[in-house]
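Reading through the structure tokens given below for one structure.
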Amino acid sequence: MNHLQELVDYTPKTSGEVYRNSKTKIYTDGTTNTIVSRASIFKDKYILTENTENKDEQKQDNIKLMREAYEDKIDKVYTILKRCGIMSTDFWELTSYENDDDFLCRLTNIGMSIHDYDYCNNYFKKKIPQEKSKSTSYPRADSVKRAKDQIFDYVLNNDFDYFFTGTINPELFDSKEPKDLLKPVQNWLKDRVKRDNMSYLMIAERHKKGGIHFHGLLRADKIKLEDSGTKLYEGHKKPISNDRAEKLGLYGGRTVYNLKSWKFGFTTCVPLVGDRMNTAFYVTKYITKDCKKIFGSFFWHSRNLKKPLIVIDDMDFDNLEAVESNGFKYIFKRGSENASE
């Protein structure tokens, strides 16, 4: 089977994609985080309904959507196909078409009636020699930012109860070797989710001497904690024992607990205070440009965490009251702000 036939056979039957210029994340407390671009870069799905009472109207709507999605990409598609040797210049003139039927005909000639340049580009990546970038700084920064964004989404959209720190006892495990810790720690996490209905977000970090430890957020109704006999007080970074706190005249404070089921070393679990935003900022401080994917990823999370609702739409970029940076505008509103509007 040649490349052209593969592309034709791949063509979906009932759905497609179109691009819009804004993406809004809506969190469970009503908080919204919107990014608006000058260009239509956010991919949105639309449905091609075959069994509709008004097929002509549906067809025209689909043509309009496809025009919007393809017109700014069509030259690139043509270049890729030509480089792959699928067609000659005079076989398919993409630069002009007389009407909607002509437009559809030219697209469907190669099976591209409802999927876009991105698929075509990805499909032929292995068939077109790609120049490898000598610099790794940009992908690294992009990867860090993506991890921070994901953590923000999970923290803002889920209820956690405790900030967790777990160490590794070098007498029990090789605390410097990820391979020795990967399966035991992951099995412990899976067991806690199953037995205690625990939700978690966990970040692995190395000490200066190379030992691995964990920071994260936990929530579980059945989790077994025991009082460590210490508390955290405002203005003090480390927990203070109850006896010492009494001598220093410290009162209140947050009780520091130990997680009994953690079999790898020492633990602390501190009740969370304040809003989710502060918690998100605190947790993401562990993801920095010098941070390394100790276990192949920046963080772990349980599958029972909820992601924010994402809405793709078109917005009037020029008339939007927001600070512009590099062709983007950002609008962040807490749930209380949206409720008052």
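The values are calculated or read from the model by the stated rules, or taken from the named source; none is laboratory data. Fair warning: this is a prediction, and the values are worked out from it, not measured in the lab. Using ideal geometry, Cβ is built from the backbone for each residue, glycine included, and neighbour counts are taken over all protein chains shown. Quick note on the areas: whole protein, heavy atoms, side chains included, nothing else; ligands and nucleic acids left out. Shrake-Rupley method; radii C 1.70, N 1.55, O 1.52, S 1.80 Å.
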Other-chain or far-sequence residues with amide H under 5 Å of Ile212's (modelled H): Lys176, His207
Accessible surface, 1.4 Å probe, highest first, among residues Ile310, Ile212: Ile310, Ile212
Amide H within-cut-off set for Tyr162, under 5 Å, with H built and near neighbours excluded: Leu218, Leu272
Anisotropy class of the stretch 172-318 from Cα gyration tensor, a/c 1.5 cut: oblate
Per residue accessible area of the stretch 202-341, 1.4 Å probe, in Å²: 66 Å²
Phi-based couplings in Hz for the stretch 172-184 (Karplus 6.51, -1.76, 1.60; Gly and Pro marked x): 9, 9, 6, 6, 9, 10, x, 4, 6, 9, 3, 5, x
Among the listed pairs Lys209/Lys247; Lys209/Lys237; Lys190/Lys222; Lys231/Lys333; Lys183/Lys238, those beyond 26 Å (Cα-Cα): Lys209/Lys247; Lys231/Lys333; Lys183/Lys238
Exposure of His236 as accessible area (Å², to 10), given a probe of 1.4 Å and all protein chains: 80 Å²
Residues with amide H under 5 Å from that of Thr31, placed H, sequence gap 5 or more: Gly335
Estimated FRET transfer efficiency when R0 is 56 angstrom, pair Val273-Asn326 (beta carbons, to 0.05): 0.95
Net charge, Ser261 excluded, C-beta distance under 11 Å - Lys, Arg +1, Asp, Glu -1: +3
Set of the stretch 298-340 residues, backbone N closer than 20 Å to the point 7 Å along the Cα-Cβ line of Val193: 298-309
FRET efficiency, 1/(1 + (r/R0)^6) with R0 45 Å, evaluated for Lys260 and Asp142 via beta carbons: 0.65
